[in-house]
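Reviewing the structure listed below.
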Amino acid sequence: MNSQINSEEINQEGHLTIGGVDAIELAQEYGTPLVVYDVSKIRNQIRNFETIFEKEKVNYEVSYASKAFSAIAMYQLAKQEGAAIDVVSAGELYTALKAGFPMEKVNFHGNNKSLFELEMAVKNHVGRIMIDNFHEIELLSQVLKENKTNIDVVLRITPGISAHTHEYDQTGQVDSKFGFDLDSGQADEALKQVLNEPRMNPLGLHAHIGSQIFELNGFKMAAKKLVQVAALWREKYNFIAQVINVGGGFGIKYVEKDEPLKPEEFVKAIIATIKEETAKVNLPMPEIDIEPGRSIVGPAGYSLYTVGSSKVVSGLTPYVTVDGGMGDNIRPALYGAEYEAILANDPNKQADEVINLAGKYCESGDILIKNALLPSLHTGDIIAILDTGAYGYSMASNYNRNPRPAVVFAENGKAKLVIKRESLEDLVHLDQSL
Ligand code: LLP
């Protein structure tokens, strides 16, 4: 049996259960492909983060990076757990508004926020704008004047740290499109401009070094750098940072060879570094903010598929094709991301065949798992790919005009449909005839 599944997750019928609900019943009721979240895993991870901060007795904000999975129900869940959220677009903000999420707990990120987006954020009184660039300072200043209001801001800097992760997932190195550079003096200039804007209240600074990071060192270095910059800003500008935000990026286990620390262990080390470094330079202990996305929703998500056709060519690895693919999970095709799958209708069955688990999209690159070790598969079997909760549905597309899947929340033996499957009619509802 796959080591990511324990025996309590298999019921008397010998089926995988998710949040106490039989995965095969879910597939029958809602169809496949289907994304299912084990809600208690999401709650537990948010609580684990909160507990670390409480234990360490520091002020904090756990801000769920909602790009990992954005849905009305997800924002409502974050609200129930007392988390803040990061949004990066009018669309995510709109979804949070529809969810009744408290706007004062919204942090607005993005490296090219439009006038429309900034107006929407200001008019709805979001908690904080995470300032990324000079153009944004200008736009925001204009919007604040027009709306005769003030707002809290946090400055995003690039700490000059290259995280060991996929190139597309690196953001903290000097050569990055995000945030203000330190060495060239950009970050200082940004602070000066913001201090001159009476309607902007700078709270502190932010850095996000990348995503799916396993090494502690990058986070410690980033935390140290942020404190150093804060110390410099006190000296030069008499500015005291009340907030240090270290971003997200805590790596999760996708496959056997991944051995990440527990997400909260990263946070423990970050807190220790910030405590140590602020004490050295005699800065007051700031509020520490984190922005985890993947670590909150990734391990909680399962993608269910039905096996369809297969192709065997002698001497080559066989292809077994499911009813989804790169339209509901682009990560293997885009990043070479790896996953593990299990046979949901019989997870205990001996895995003794190596196959390529292919998607149904018209691209050779649409392989969900290369060389997957699985039991022999038959048409109609239900496959569960594990740990698909982050950046799966949120990056889904209608490529080949396939509808995006439904999403279900499962908890304590009960299932709740939280996003409907797109219908064929949905696929054409924006089209106009000639
Ligand atoms: N904060 C900021 C400013 C970010 O840009 C991100 C992710 C996060 C927090 C959350 O990072 P997480 O804890 O989820 O690693 N589509 C890619 C991931 C892109 C991450 C973008 N930024 C993937 O599927 O791997």
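Could you count how many residues in segment 105-120 are in a helix (DSSP H, G or I) and loosely packed, with under 15 Cβ neighbours inside 10 Å?
Matching residues across segment 105-120 total 2.
Of the conditions (1) more than 16 Å from the ligand (Cβ to nearest atom); (2) touching a Phe, Trp or Tyr at 6+ places or on another chain (Cβ under 8 Å), T388 fails just one. Which one is it?
Evaluating T388 over (1) more than 16 Å from the ligand (Cβ to nearest atom); (2) touching a Phe, Trp or Tyr at 6+ places or on another chain (Cβ under 8 Å) leaves (1) as the failure.
List every residue pair whose Cβ atoms lie under 6 Å apart, where the two residues are 6 or more positions apart in sequence or sit on different chains, the first residue falls within segment 243-263 and is on the phi < 0 side of the Ramachandran plot, and the second residue, located anywhere, is within 9 Å of the ligand (Cβ to nearest atom) and among the hydroxyl-bearing types (S, T, Y).
From residues that are on the phi < 0 side of the Ramachandran plot, the pairs are F250/S295; I252/S295; P263/S295.
Across segment 185-211, which residue is most open to solvent (accessible area, probe 1.4 Å) among those that are within 15 Å of the ligand (Cβ to nearest atom) and outside any strand (DSSP E or B)?
Only one residue fits best here, namely H208.
Say we look at segment 79-98 and pick out the residues that are among the aliphatic types (A, V, I, L, M) and under 13 Å from the mean Cα position of the chain (by Cα); which of these is farthest from V36 (Cα to Cα)?
Filtering segment 79-98 for residues that are among the aliphatic types (A, V, I, L, M) and under 13 Å from the mean Cα position of the chain (by Cα), the one farthest from V36 (Cα to Cα) comes out as V88.
How many residues, within segment 82-104, are surrounded by fewer than 19 Cβ atoms within 10 Å (Cβ to Cβ) and either within 16 Å of the ligand (Cβ to nearest atom) or touching a residue at least 60 places away in the same chain (Cβ under 8 Å) (or both)?
Residues meeting the conditions: 2.
Which one of these is part of a strand (DSSP E or B) and exposed (fewer than 14 other Cβ atoms within 10 Å of the Cβ): V407, V354, V418?
V354
Any residue in segment 251-260 that is within 18 Å of P159 (Cα to Cα), open to solvent by less than 40 Å² (accessible area, probe 1.4 Å) and either assigned by TED's automatic domain parsing to the domain that holds V154 or not charged (D, E, K, R) (or both)?
No - not one qualifying residue is present in segment 251-260.
What pairs can you find where one residue is in segment 330-354 and closer than 11 Å to A384 by Cβ and in the same structural domain as L386 (by TED's automatic domain parsing), the other is of a type in the set (D, E, K, R) and buried (at least 17 other Cβ atoms within 10 Å of the Cβ), and their Cβ atoms are less than 7 Å apart, with a gap of 6+ or different chains?
Final answer for the pair search is Y339/D387; L343/D381; N345/D381.
Does G380 qualify as being modelled with pLDDT of 95 or more, away from the ligand (no atom under 14 Å from the Cβ) and open to solvent by 10 Å² or more (accessible area, probe 1.4 Å)?
Criteria met by G380.
Have a look at N107, N44, N112 and point out the one that is within 22 Å of L261 (Cα to Cα), modelled with pLDDT of 95 or more and either assigned by TED's automatic domain parsing to the domain that holds Q242 or basic (K, R) (or both).
Sole residue among the options that is within 22 Å of L261 (Cα to Cα), modelled with pLDDT of 95 or more and either assigned by TED's automatic domain parsing to the domain that holds Q242 or basic (K, R) (or both): N44.
If you check Q28 against the conditions, is it assigned to a helix (DSSP H, G or I) and open to solvent by 10 Å² or more (accessible area, probe 1.4 Å)?
Here the answer is yes, as Q28 does meet what is asked.
Condition check: farther than 19 Å from A390 by Cβ and either open to solvent by 10 Å² or more (accessible area, probe 1.4 Å) or part of a strand (DSSP E or B) (or both). Does E61 satisfy that?
Against the criterion (farther than 19 Å from A390 by Cβ and either open to solvent by 10 Å² or more (accessible area, probe 1.4 Å) or part of a strand (DSSP E or B) (or both)), E61 qualifies.
Residues in segment 306-328: is at least one within 12 Å of the ligand (Cβ to nearest atom), surrounded by 15 or more Cβ atoms within 10 Å (Cβ to Cβ) and under 29 Å from V106 (Cα atoms)?
Looking for residues that are within 12 Å of the ligand (Cβ to nearest atom), surrounded by 15 or more Cβ atoms within 10 Å (Cβ to Cβ) and under 29 Å from V106 (Cα atoms), one finds none in segment 306-328, hence no.
Scan segment 163-174 and tell me whether some residue there is at pLDDT 95 or above and within 15 Å of the ligand (Cβ to nearest atom).
Within segment 163-174, none of the residues are at pLDDT 95 or above and within 15 Å of the ligand (Cβ to nearest atom).
So which of I271, I252, I244 is of a type outside the set (G, A, S) and within 30 Å of G31 (Cα to Cα)?
When all the criteria are applied, what remains is I252.
Exactly one condition in (1) in contact with a strand residue (DSSP E or B) (Cβ under 7 Å, 6 or more places away or on another chain); (2) within 15 Å of the ligand (Cβ to nearest atom); (3) within 27 Å of I5 (Cα to Cα) is false for I42; which is it?
(1)
The values are calculated or read from the model by the stated rules, or taken from the named source; none is laboratory data. The model shown is predicted, which means the values in this text are computed figures rather than measured ones. In this analysis, Cβ positions are derived from the backbone assuming ideal geometry, glycine residues included, and neighbour counts consider all displayed protein chains. Note: areas computed on protein heavy atoms with side chains; ligands, DNA, RNA excluded. Shrake-Rupley method; radii C 1.70, N 1.55, O 1.52, S 1.80 Å.
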